[in-house]
Amino acid sequence: MIDVTEKAIKEVKKLMQQENKGEQMQGLRVGVKGGGCSGLSYFLEFEKEPRSDDNILELDGIKVFLDPKSALYLKGTKLDFSDGLNGKGFEFSNPNAQRTCGCGSSFGV
């Protein structure tokens, strides 16, 4: 399905601890939705529980939820986290993307 680097997992864990004030989030949803400059855009969000049709990855203590539609677009994608000079944030490296925008958050197939 998708590959999540150790650096990204570490950042997800850190953010989950910050977000889990009162509500216990079980995992990270990684998905694709329509929009963005190239037609499709990536999204990440914490969720309390998976949906009934989700693919669930368990990686070093975190769960990653991926719906079937997003799984088609994200097959083979690598999710990384960068905190270098060019900015800080999650980065997607998607082998299925035929074009991407300059911001790196949208793509086209």
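For Tyr42, are the conditions met, namely being touching a residue at least 12 places away in the same chain (Cβ under 8 Å), in contact with a helix residue (DSSP H, G or I) (Cβ under 9 Å, 6 or more places away or on another chain), surrounded by 14 or more Cβ atoms within 10 Å (Cβ to Cβ) and not basic (Lys, Arg)? Let's see the steps before the verdict.
Numbers: touching a residue at least 12 places away in the same chain (Cβ under 8 Å): yes; in contact with a helix residue (DSSP H, G or I) (Cβ under 9 Å, 6 or more places away or on another chain): yes; surrounded by 14 or more Cβ atoms within 10 Å (Cβ to Cβ): yes; not basic (Lys, Arg): yes.
In short, yes.
Would a scan of segment 84-106 turn up a residue that is modelled with pLDDT of 95 or more and either over 13 Å from Gly31 (Cβ atoms) or among the acidic types (Asp, Glu) (or both)?
The initial filter retains those residues of segment 84-106 that are modelled with pLDDT of 95 or more, namely none.
Within segment 84-106 (the criterion being modelled with pLDDT of 95 or more and either over 13 Å from Gly31 (Cβ atoms) or among the acidic types (Asp, Glu) (or both)), the answer is no, since none of the residues qualifies.
In summary, Ile56 fulfils each of the numbered conditions (1) out of contact with any helix residue (DSSP H, G or I) (no Cβ under 6 Å at 6 or more places or on another chain); (2) modelled with pLDDT of 95 or more; (3) closer than 18 Å to Lys14 by Cα with the single exception of condition (3).
Does segment 67-79 contain any residue that is touching a helix residue (DSSP H, G or I) at 6+ places or on another chain (Cβ under 7 Å) and either at pLDDT below 90 or among the polar types (S, T, N, Q) (or both)? Even if it seems obvious, please write down each step before you answer.
Let us first name the residues in segment 67-79 that are touching a helix residue (DSSP H, G or I) at 6+ places or on another chain (Cβ under 7 Å), namely 79.
Filter once more, so that each one left must be either at pLDDT below 90 or among the polar types (S, T, N, Q) (or both): none.
Checked segment 67-79: no residue is touching a helix residue (DSSP H, G or I) at 6+ places or on another chain (Cβ under 7 Å) and either at pLDDT below 90 or among the polar types (S, T, N, Q) (or both).
The values are calculated or read from the model by the stated rules, or taken from the named source; none is laboratory data. Quick caveat, the model's predicted, so the values are computed rather than measured. As a convention, Cβ positions derive from the backbone with ideal geometry for all residues, glycine included, and neighbour counts pool all protein chains shown.
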